[in-house]
Amino acid sequence: MHGRMPVILEEDAYDAWLSGDAQADEAKALLLDNQLDSNLQFHRISRAVNNSRYEGTDVKKPVVNPL
């Protein structure tokens, strides 16, 4: 996780967020009212995902035993 994480919203909030018209309080309300955090799942993945030369398709699979 880092400061460049994308904003993850309900689909019906996309246009309002991307328009850039929302003032600070409105933008905060969009984030709080339309977030999908409870639907997200996190798991370790292969370090190969960061290698631009890797051409496999299995890097998104969870790493079961990373050691």
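The values are calculated or read from the model by the stated rules, or taken from the named source; none is laboratory data. Remember, it's a predicted structure, so these values are computed and weren't measured experimentally. Cβ coordinates were reconstructed from backbone atoms using ideal geometry, including for glycine residues, and neighbour counts include every protein chain displayed. Surface accessibility is based on the protein's heavy atoms, side chains included, excluding ligands, DNA and RNA. Shrake-Rupley method; radii C 1.70, N 1.55, O 1.52, S 1.80 Å.
How many of the residues making up region 1-20 are more than 13 Å from the chain's Cα centre (by Cα) and either surrounded by 10 or more Cβ atoms within 10 Å (Cβ to Cβ) or outside any loop (DSSP other than H, G, I, E, B) (or both)?
Looking only at that region, the number is 9.
Within region 52-67, work out how many residues are open to solvent by less than 100 Å² (accessible area, probe 1.4 Å) and either closer than 28 Å to Leu9 by Cβ or aliphatic (A, V, I, L, M) (or both).
Of the residues in region 52-67, 3 are open to solvent by less than 100 Å² (accessible area, probe 1.4 Å) and either closer than 28 Å to Leu9 by Cβ or aliphatic (A, V, I, L, M) (or both).
Could you please give the count of residues in region 8-51 that are closer than 30 Å to Val64 by Cβ and either in contact (Cβ under 8 Å) with a residue 60 or more places away in the chain or not aromatic (Phe, Trp, Tyr) (or both)?
Residues in region 8-51 being closer than 30 Å to Val64 by Cβ and either in contact (Cβ under 8 Å) with a residue 60 or more places away in the chain or not aromatic (Phe, Trp, Tyr) (or both): 17 in total.
When only residues in region 35-51 that are open to solvent by less than 100 Å² (accessible area, probe 1.4 Å) and assigned to a helix (DSSP H, G or I) count, which is farthest from Val63 (Cα to Cα)?
The qualifying residue farthest from Val63 (Cα to Cα) is Asp37.
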